[in-house]
Amino acid sequence: MRIIPVAFTQFIPWEAEESGYEPHDWGSDEFDDLTSADELAEFAGRNCYQSWSRPNPKTATNEGYLANILDQGHYSVLEHASVSFFVDGVSRSLLTELERHRFLSFSVVAVSFVKYDKTPSVAVPPLIEREKDTPLHGQDFSGMGWTIGDEFMRATENSFDAYVWIADRFQELGYPKKQALEAARSVLPNATEVKMVVTGNIRAWRDVIGKRYHEAADAEIREFATEVLNHLRELSPNSVQDISEVPYGK
């Protein structure tokens, strides 16, 4: 699984000053922890009340201000900054679950146009990866040497072989490539690798983390949410400061 941040919102402090906002001193030690996403959220929040002078010491810093925002649940100011990730090495099962988060935007490899000319990578489920060397049968048959991992790869490779045969045969029969691939892709396993670009604002990503960074979530998407959270701790640390290092439900 690879999750790479490829774009994020850039705050322009000298332009924001035109509104009356007083940007934080980006030359101070505080700048080490200040990011565009976090300052944009503060700027948006302070604009609502025109509270430019920071009279309250508890909310004078960006961290303190956003801590108060999070405590009050005023998440709308977190919608202004967004992060885009390039994602690969995840399964189509994960994509199906992630698409339920309606405020994310997706650009995904179109399997009806792009043909797999070689065996595609598969996203091995974490449990199968952990138990890949475990004999498939009980102890009485362990001498056969056939493992859970072997069976998983056999099944996925057979599915891919069927995909190639069906796609090639339809094209031999004169059907357009797109129609052939649309029919053939139905036999690809849920573990087939997906490559996509996913964009969401900080509030939307918090929603993903709130539901998927959880002990009860599917293991693969929990790993995905963990990686997204790790990136947000770098890109917008004060906007996720209330999220524990330990997944919810533990």
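Key figures
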| quantity | calculated |
| --- | --- |
| Listing of helices (runs of 4 or more DSSP H) fully contained in segment 156-250 that carry 1 or more residues being in contact with a strand residue (DSSP E or B) (Cβ under 9 Å, 6 or more places away or on another chain) and either crowded, with 20+ Cβ neighbours inside 10 Å or charged (D, E, K, R) (or both) | 202-212, 219-235 |
| Odd one out for residue 44, checked against (1) in contact (Cβ under 8 Å) with a residue 60 or more places away in the chain; (2) more than 30 Å from residue 190 (Cα to Cα); (3) out of contact with any Lys or Arg (no Cβ under 7 Å at 6 or more places or on another chain); (4) of a type in the set (A, V, I, L, M, F, W, C) | (1) |
| Condition met for residue 53 (loosely packed, with under 15 Cβ neighbours inside 10 Å and out of contact with any helix residue (DSSP H, G or I) (no Cβ under 9 Å at 6 or more places or on another chain)) | yes |
| Qualifying residue in segment 19-28 (condition: at pLDDT below 90 and of a type in the set (Asp, Glu)) | yes |
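Quick grid of which residues meet (1) at pLDDT below 95; (2) under 21 Å from residue 93 (Cα atoms); (3) of a type in the set (A, V, I, L, M, F, W, C):
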{"position": "153", "(1), (2), (3)": "yes, yes, yes"}
{"position": "168", "(1), (2), (3)": "yes, no, no"}
{"position": "203", "(1), (2), (3)": "no, no, no"}
{"position": "217", "(1), (2), (3)": "yes, yes, yes"}
{"position": "238", "(1), (2), (3)": "no, no, no"}
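The values are calculated or read from the model by the stated rules, or taken from the named source; none is laboratory data. A quick note: this is a predicted structure, and the numbers were derived from the prediction, not measured. We place every Cβ from the backbone using ideal geometry, glycine too, and count neighbours over all the protein chains shown.
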